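Quick notes on the structure that follows.
The values are calculated or read from the model by the stated rules, or taken from the named source; none is laboratory data. Not measured: the values here are computed from a predicted model. Here the Cβ positions follow ideal geometry from the backbone for every residue, glycine too, while neighbour counts run over all protein chains shown.
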Amino acid sequence: MLDEDLIAAANVWRAAHPSGLLMHSAMCCRVAAGWIVANDRSLAEAAGTIVPWWLRHWKHWGPSPWPLHWCEAVRLGTWDCGVFAAAGDHLMRARGLDSRRVLAIEEATPTETQQWRHLWEAAGREPTWTHGAAAYHEVCGLVSDGVLSIWDPTEAVWIRPGESLPQAPVLALKVFAANDQELMVNWQGVNLPCGVWVRTGATGGVMGPLGS
Amino acid sequence: MNASPRILVSGLYSGPNPSPGVGVVRSLREAFPHADLVGVDYSPRSTGLHWPEMDRVWVARPWSELNLAEHQRQVQGELREDGIWISGLDLEVQWLANTMAQNPRILVPSTEALNAIRKPPTLPDSLAIATPDYLSLDAPDNSLFRFCRRHDWRIWVKGPYYEARFVSDWRQLQAARGELQETWGAGAGLFAQAHVAGHEVSILLCAFSGRLIDAVMMTKREVTAEGKTWAGAIAELPVALSAALADFVAAIGWHGAAEVEMVVDAAGRRWIIEWNPRFPAWVYGATLAGRNLPAKLVTAVTGLVPETSKLARSTQFVRVVLEIPTRRDHSLPDIPEDGPNPGQSAKHPSGMPELARRLGNTSSRLGLSPPLHQGDEDPDAVPGWGPEMEPAATPCRLFLPEVARRAITAAAGAANCASRPALGVRIVLSIKTDPRPEILEMAREHGLMLEAISQLEVSAALRAGVEPHDVILNGPAKWWPTPSSPGAFKGIFFDSLNEAAMYVGDSPWGGPWAGVIGPRLRLPGTNSRFGIDVGDPDVFGRLVDILTDLKDRQDIGVQFHFASSAAGLPGWFHLFSASLAWCSLLTELVGPVTWLDVGGGYDPEDWNDEILGWLTEAAQTAAARVPSLRQLVLEPGKALTQRTSVLLSRVVDVRRREGTVDVVADASIAELPHATAFPRKALRLRDGAWISLVPGAGTILGRLCMENDILGRNLHLADLRVGDLLCFTDAGAYDRSMAYEFGRA
């Protein structure tokens, strides 16, 4: 992807904020949000894993309606990456882990974006998360001993500097700070400024903040 | 110096579980286009023989028929003065180490170096690569059974050089042990090893006379169904690991190639799986990443600089399936006729196990004594035994009342000790594990509650003098055949939401159904047919609704039963912790959960050695995490009754076969329906004393015309005679309550 195209995509999603699931004031959402934590406690801890790997086995990736409440989310047949990331963050926080929200821009081919358009339109939704050859994605961050690891709950894989997701190269990332004092995170040896889109250099080019 | 080195590369099989030869040849051909490359294998079925980059191939006779001295002369003849041998076969490496390791152009380690990494390898602390727990398969069966339970029945049964089978219960372990003993021979160094979950990572290294030349790390990115690498990513070793590896290689004087197979767990700890004394089959993947270790090894031997030095093309590699033409001078043999069975020639019969036996070095490094041929007297097997107890007719199940009394007393005592003012702890005896009146009465005397799964069992409890308010109802058909209680039960744990709905209405006797009612939970991740599947959010939501309806008229309890003997002990403790999480959530959503009933069956040894001592901690943990709890109930299942009976049987036939003796007993799986589900002691009566039968190759066959009527395996039975009295321990619990009439009339 040309650098200007990536910058254009980053501008489109400049104000993007991590997806969040809403709570009804009624019992339904308390049951759902509590259930997913208890289920995680049963499954993920037994497997000795840090992350809730089972989400990917439970839900297929696909269109989700927004806004979305917890009681609706647990009953949906498909989750988009925003639901996966919101649920992953919820579960990691429930485990007492130092979780971060992370946004990503992936490279996409025209055939992929066409397919995604069909998939979303069939569900009556607009795939606003693609822009040219770029696709918006949400993942999870986990800070341990001062080092950020990025985990994609949609694919149940880790994203490392210089590597791609199974589907596509990750071109840019945006890490949301835990607090106002957190300006930078160390992503396995690579310093990422918080709150701005940063080019990963996965397909060449220099790693660093994307200009607007 | 010869610019066209002659290199013999062995181990060319290129199937789903490939040898490294083709990858080595590809790497060498890239670096030395003019090298004289000779491929070597021991079966014409080795598919890699047809790889086109070899100048010549040598198909030696299978190891099973090779004259090793002659083969040594032939190898030396092929090598001449300046040839190099790179072996890709574990056992060939061993043979070469034994016979020709003094020749540095044969790139294999010394016997001493091989001994240093022999399975299961234990590496120096500096490498920070731990060894998963293991135990020799020559260990006593009860030790092996304990080992497997303590590792959650996630166990690998491994051969001395290669072959591994994953097993998850005792029957599978027995079968895997039998298969590997068939291949490698008894006492051949077979062992069981705990599975470690995590990412599979390997180190590829090569060394020359103890000097580490290069090493890289590979993380598997795709694997076959057998777990073999199908794609991977190559990376540098961490600096500290590289330095420690260089020290270790120097310390043991490693010479040649090696692959260190590891698992990295969720906490980042490295665990060694195997240290293979050869290149791995994915070696060309490292070459693609710019790290041609076969070429570096040849350079170390010859001083030749590679003619071409390709840069890294990718740090990741994949495998693909290729069809290639066969060599003109090596046509493919037919698949052998195999009678009525489908032809299966995928195995490549080079005779490695035979070579292992001929090398005579498959004995265990695990430090165990060879099996005894004289059993020890075991006075505890049948407490109080005297000649007057010898039965007139066999088979005969002998009840051991003192054993039962001790078990029940110990359980009641431990529960009393663990009880706290705010949280009582009680034991409940499952009637189905042994409904004999003596046991039910003992339980009542010692304050145990009883668990019934049918109204017939309720009747048995009432006949033993137990009141309904000391009976807990469980199971999917607890009201079958007709309700028989004169009053409320202590507890009822429903198995379905349909059943739960019943308890919103009135009981047949007018008052409350029970002191406490609640769901039996089917916890996520457990493979069970019982209970409410709380892993389904809809089911959980409906459970919350029903409990909300019930809470104003009944105390709410929760039950989780799952056999620790199946889940393993750590796995069961995890389920206990998970059950507290569900109790806590139900308390938050519905109202106070006051009872927790856990259990499902423990091995008697685990119950006595682990669970009884853990009760106090369990009560503390439960009270801390679910403060509304008032009662913690433990249902030990078979643990209380398994050892309360032994089965006596006489030998009715002695059968001698090649090198061993089998016997036929007049007992059968009709009296021991769980004969092969867990190990038990088998003893013989000699001079009035019970003597343990020691390990051997014999089998105790049951009297029935049933193929699976096997009462004992791997026993030394040569001294037995027709009429000898045998004893099988642990014949209570389900071996009693599930015994059946068969073959008697």
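Yes/no per residue for (1) of a type in the set (A, V, I, L, M, F, W, C); (2) over 30 Å from B:G515 (Cα atoms); (3) in the same structural domain as B:G702 (by TED's automatic domain parsing):
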residue: B:W582; (1), (2), (3): yes, no, no
residue: B:G599; (1), (2), (3): no, no, no
residue: B:V652; (1), (2), (3): yes, yes, yes
residue: B:G659; (1), (2), (3): no, yes, yes
residue: B:V663; (1), (2), (3): yes, yes, yes
residue: B:P679; (1), (2), (3): no, yes, yes
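Could you run through the stretch B:100-117 and say how many residues are in contact with a Pro (Cβ under 8 Å, 6 or more places away or on another chain) and surrounded by fewer than 20 Cβ atoms within 10 Å (Cβ to Cβ)?
Qualifying residue count for the region: 0.
Among the numbered criteria (1) in a strand (DSSP E or B); (2) in contact (Cβ under 8 Å) with a residue 12 or more places away in the chain; (3) farther than 21 Å from A:G62 by Cβ; (4) not aliphatic (A, V, I, L, M), which one does A:P161 miss?
Result: A:P161 fails condition (1) only.
Tell me, please, whether a residue that is more than 14 Å from every other protein chain (Cβ to nearest Cβ), assigned to a loop (DSSP other than H, G, I, E, B) and surrounded by fewer than 23 Cβ atoms within 10 Å (Cβ to Cβ) can be found in the stretch A:139-153. Full working, then the answer.
Our first condition is that a residue be more than 14 Å from every other protein chain (Cβ to nearest Cβ); within the stretch A:139-153, this holds for A:139-141, A:143, A:146, A:148, A:150, A:152-153.
This time we only want the ones that are assigned to a loop (DSSP other than H, G, I, E, B), so: A:146, A:153.
The next check asks that each one be surrounded by fewer than 23 Cβ atoms within 10 Å (Cβ to Cβ); those that pass are A:146.
Within the stretch A:139-153, one or more residues are more than 14 Å from every other protein chain (Cβ to nearest Cβ), assigned to a loop (DSSP other than H, G, I, E, B) and surrounded by fewer than 23 Cβ atoms within 10 Å (Cβ to Cβ).
Determine whether the stretch B:45-52 contains at least one residue that is part of a strand (DSSP E or B) and either in contact (Cβ under 8 Å) with a residue 40 or more places away in the chain or over 17 Å from B:A295 (Cβ atoms) (or both). It would help to see each step written out before you state the result.
Pass one, the stretch B:45-52, residues part of a strand (DSSP E or B): none.
Looking through the stretch B:45-52, none of the residues is part of a strand (DSSP E or B) and either in contact (Cβ under 8 Å) with a residue 40 or more places away in the chain or over 17 Å from B:A295 (Cβ atoms) (or both).
At least 3 residues that are buried (at least 19 other Cβ atoms within 10 Å of the Cβ) in each: list the helices (runs of 4 or more DSSP H) lying fully within the stretch A:28-112 that qualify.
Values: elements: A:54-58, A:70-73, A:81-94.
Hits in the stretch A:28-112: A:70-73, A:81-94.
State whether one or more residues within the stretch B:616-626 are closer than 30 Å to B:D169 by Cα, part of a helix (DSSP H, G or I), charged (D, E, K, R) and at pLDDT 95 or above.
Yes: one or more hits.
Could you please let me know if A:A9 is assigned to a helix (DSSP H, G or I), of a type in the set (A, V, I, L, M, F, W, C) and within 8 Å of another protein chain (Cβ to nearest Cβ)? Can you show your working first?
Numbers: assigned to a helix (DSSP H, G or I): yes; of a type in the set (A, V, I, L, M, F, W, C): yes; within 8 Å of another protein chain (Cβ to nearest Cβ): no.
In short, no.
Here are the criteria: (1) buried (at least 21 other Cβ atoms within 10 Å of the Cβ); (2) among the small types (G, A, S); (3) closer than 26 Å to A:A73 by Cα. Tell me which single one B:G535 does not satisfy.
(1)
Please work out which one of (1) more than 14 Å from chain A (Cβ to nearest Cβ); (2) surrounded by fewer than 23 Cβ atoms within 10 Å (Cβ to Cβ) is the condition B:V283 fails and give its number.
Failed condition: (2).
Taking the condition of being among the charged types (D, E, K, R) and exposed (fewer than 10 other Cβ atoms within 10 Å of the Cβ), how many residues in the stretch B:300-344 meet it?
Kept after step one, since they are among the charged types (D, E, K, R), are these residues of the stretch B:300-344: B:307, B:310, B:313, B:319, B:323, B:327-329, B:334, B:337-338.
Subset that is exposed (fewer than 10 other Cβ atoms within 10 Å of the Cβ): B:323, B:328-329, B:334, B:337.
Number satisfying all stated conditions: 5.
Which strands (runs of 3 or more DSSP E) does the stretch B:675-734 wholly contain that include 2 or more residues that are without any contact (Cβ under 8 Å) to a residue 60 or more places away in the chain and out of contact with any Pro (no Cβ under 7 Å at 6 or more places or on another chain)? Before the answer, list the steps.
Details: elements: B:682-686, B:689-692, B:695-701, B:710-715, B:725-728.
It comes to B:682-686, B:695-701, B:710-715.
Mind checking whether some residue in the stretch A:40-60 is more than 14 Å from chain B (Cβ to nearest Cβ) and at pLDDT 95 or above?
As a first pass, look at the stretch A:40-60 and keep what is more than 14 Å from chain B (Cβ to nearest Cβ): A:56, A:60.
Checking the rest, the ones that are also at pLDDT 95 or above come to A:60.
Yes - at least one qualifying residue is present in the stretch A:40-60.
Got a number for residues in the stretch B:527-585 being small (G, A, S), over 32 Å from the mean Cα position of the chain (by Cα) and over 30 Å from B:G510 (Cα atoms)?
Counting residues in the stretch B:527-585 that are small (G, A, S), over 32 Å from the mean Cα position of the chain (by Cα) and over 30 Å from B:G510 (Cα atoms) gives 1.
Going through the stretch B:236-274 one residue at a time, which ones are surrounded by fewer than 22 Cβ atoms within 10 Å (Cβ to Cβ) and closer than 17 Å to B:L89 by Cα?
B:E259, B:E261, B:E274
Give me a count of the residues in the stretch B:216-265 that are farther than 20 Å from B:P120 by Cα, of a type in the set (A, V, I, L, M), more than 14 Å from chain A (Cβ to nearest Cβ) and touching a Ser or Thr at 6+ places or on another chain (Cβ under 6 Å).
Qualifying residue count for the region: 1.
Which of the residues spanning the stretch B:554-576 are within 13 Å of chain A (Cβ to nearest Cβ), surrounded by fewer than 20 Cβ atoms within 10 Å (Cβ to Cβ) and over 13 Å from A:S42 (Cα atoms)?
B:P570
Please state which of the following conditions A:S64 fails to meet, knowing it meets all the rest: (1) in contact with a helix residue (DSSP H, G or I) (Cβ under 7 Å, 6 or more places away or on another chain); (2) away from chain B (no Cβ under 14 Å); (3) touching a residue at least 24 places away in the same chain (Cβ under 8 Å).
Going through (1) in contact with a helix residue (DSSP H, G or I) (Cβ under 7 Å, 6 or more places away or on another chain); (2) away from chain B (no Cβ under 14 Å); (3) touching a residue at least 24 places away in the same chain (Cβ under 8 Å) one by one, A:S64 breaks only (3).
Would you mention how many residues in the stretch B:502-536 are over 20 Å from B:W595 (Cβ atoms) and away from chain A (no Cβ under 14 Å)?
6
Which residues, taken from the stretch B:540-553, are facing chain A (nearest Cβ under 10 Å) and of a type in the set (V, I, T)?
Listed by number, the residues that qualify are B:V544, B:T548.
Answer yes or no: is there a residue in the stretch A:136-146 that is more than 19 Å from A:G77 (Cα to Cα), out of contact with any helix residue (DSSP H, G or I) (no Cβ under 7 Å at 6 or more places or on another chain), modelled with pLDDT of 95 or more and aliphatic (A, V, I, L, M).
Yes, the stretch A:136-146 contains at least one residue that is more than 19 Å from A:G77 (Cα to Cα), out of contact with any helix residue (DSSP H, G or I) (no Cβ under 7 Å at 6 or more places or on another chain), modelled with pLDDT of 95 or more and aliphatic (A, V, I, L, M).
Going through the stretch B:631-659 one residue at a time, which ones are in contact with a helix residue (DSSP H, G or I) (Cβ under 9 Å, 6 or more places away or on another chain) and closer than 14 Å to B:W607 by Cα?
B:L634, B:P636, B:G637, B:K638, B:A639, B:L640, B:T641, B:Q642, B:R643
Could you count how many residues in the stretch B:275-305 are at pLDDT below 95 and within 28 Å of the chain's Cα centre (by Cα)?
0
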